[in-house]
Amino acid sequence: MLRFMIIYLLKRLLGMVPLIIGITLISFIVIQLAPGKPVGLETDLNPKISAEAQEKLRQHYGLDQPLHVQYINWMKNFIKLDFGQSFAPDKRDVLEKISEKLPVTLWMNVIGLCIVFIVAVPLGVASAKYQNSYFDRTTTVIVFTLFAAPSFWIGLLGMMYFGVHLGWLPVSGLSSFGSENWSFGARVLDWAHHLTLPILVGVMGSFAGLSRYMRSSMLEVIRQDYVTTARAKGLSESYVMYKHALKNAILPVVTILGLSIPGLIGGSVIFESLFAIPGMGKLFYDGVMMRDYPLIMGILSIGAVLTLIGNLLADICYALADPRIRHGQKLS
């Protein structure tokens with residue numbers, strides 16, 4: 001089994017290389033097609049800037065070169081994990097700026113994925129077990145409402161109700177004023193207090209979708225012959241559902257969970273900006289507003305790598321649970 005898993009892992013890693021190249025190339029082209037240029041922020045509002053000065057700025061940033069030359073130069077630096085310097089006035093290294101903000105976004109997404117999995121899977125199983133019951137119909141209406149509602153709108157409602165009206169949760173920031181002087185335990189509780197609302201808002205869409213996938217997968221599995229046989233043997237319904245059916249029903253859900261990672265990372269831009277969380281999403285938003293090309297490309301590239309790693313972990317879990325995946329057999 002170990003040999004097959006190593007071969008499977010190597011194949012998946014090699015397959016990630018052209019994906020990274022394709023993602024970065026498309027992102028690079030789309031950024032260049034966007035209206036506005038980095039030099040515009042420094043020249044448009046200054047009538048004294050001459051055309052020669054603008055051209056010197058373009059040469060300084062390397063924007064005077066052909067697009068394919070710019071991408072090749074960027075890719076050479078990307079291989080060395082060098083994303084260059086930010087176009088922002090601070091001129092800091094892009095990797096340094098990202099490394100400061102990335103842990104916040106990663107922790108929020110990891111916690112969010114755990115909440116989604118812990119809540120959505122049992123809810124989907126219970127909905128399948130009690131199909132067409134009052135519980136099933138009620139949860140279906142609730143989760144579809146959450147799935148359809150825009151996350152920023154839910155975030156604003158949560159800020160207004162839980163933050164302003166009830167005063168239970170903070171509505172912005174990552175920590176309270178003066179918390180740097182508190183004990184470690186108090187600071188952790190303060191972070192949890194501040195992140196409760198942003199994390200819940202960020203996972204609502206994934207939670208709603210995953211619970212419906214779990215319900216559909218469970219309903220399909222419990223109609224199989226082996227589940228009917230298990231019931232005919234006199235096994236309890238809970239034993240049949242959680243011992244026999246759940247293992248097979250959860251396989252496609254693991255894949256869906258991996259595919260939901262891009263949505264969580266992309267959603268970070270919305271709720272980090274909404275709640276003023278100093279994470280990678282807020283940094284990305286600020287970079288787009290400033291036409292900071294190196295920063296935008298650095299964040300998109302790291303986000304793409306994290307997404308592919310998440311999908312790879314989902315595929316590994318799928319392969320561990322299903323031998324047909326490891327041996328390259330087609331599913332019937």
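Here is how the numbers come out for the structure above:
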| quantity | calculated |
| --- | --- |
| Rounded to whole Hz, the Karplus (6.51, -1.76, 1.60) HN-Hα couplings of segment 189-199, x for glycine and proline | 5, 5, 4, 4, 5, 6, 8, 4, 5, x, 5 |
| Qualifying chymotrypsin sites (Phe, Trp or Tyr not before Pro) for segment 71-134 [loop in DSSP, other Cβ within 10 Å: at most 16] | TYR130 |
| Principal semi-axes in Å for segment 130-253 [√(5λ), Cα gyration tensor, largest first] | 41, 19, 11 |
| Charge sum, other residues only, whose C-beta stays under 14 Å from PRO18's C-beta, Lys/Arg counted +1 and Asp/Glu -1 | +2 |
| Length released on extending from TYR226 to VAL305, taking residue separation times 0.36 nm less the Cα-Cα span | 24.4 nm |
| Contour excess over end-to-end distance, with Cα ends at TYR161 and VAL119 and 0.36 nm allotted per residue | 12.8 nm |
| Radius ratio Rg over Rh of segment 171-213, counting only Cα atoms, Kirkwood formula for Rh | 1.20 |
| In segment 164-235, the chymotrypsin sites (Phe, Trp or Tyr not before Pro) that fall in loop regions by DSSP, at most 10 other Cβ within 10 Å | PHE177 |
| PHE144-ILE79 FRET efficiency (beta carbon distance; Förster radius 45 Å; 0.05 resolution) | 0.50 |
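Laboratory data are not the source of any read-out in this text; all were calculated from the coordinates shown. Quick caveat, the model's predicted, so the values are computed rather than measured. Here the Cβ is made from the backbone with ideal geometry for all residues, glycine too, and neighbour counts use every protein chain on show.
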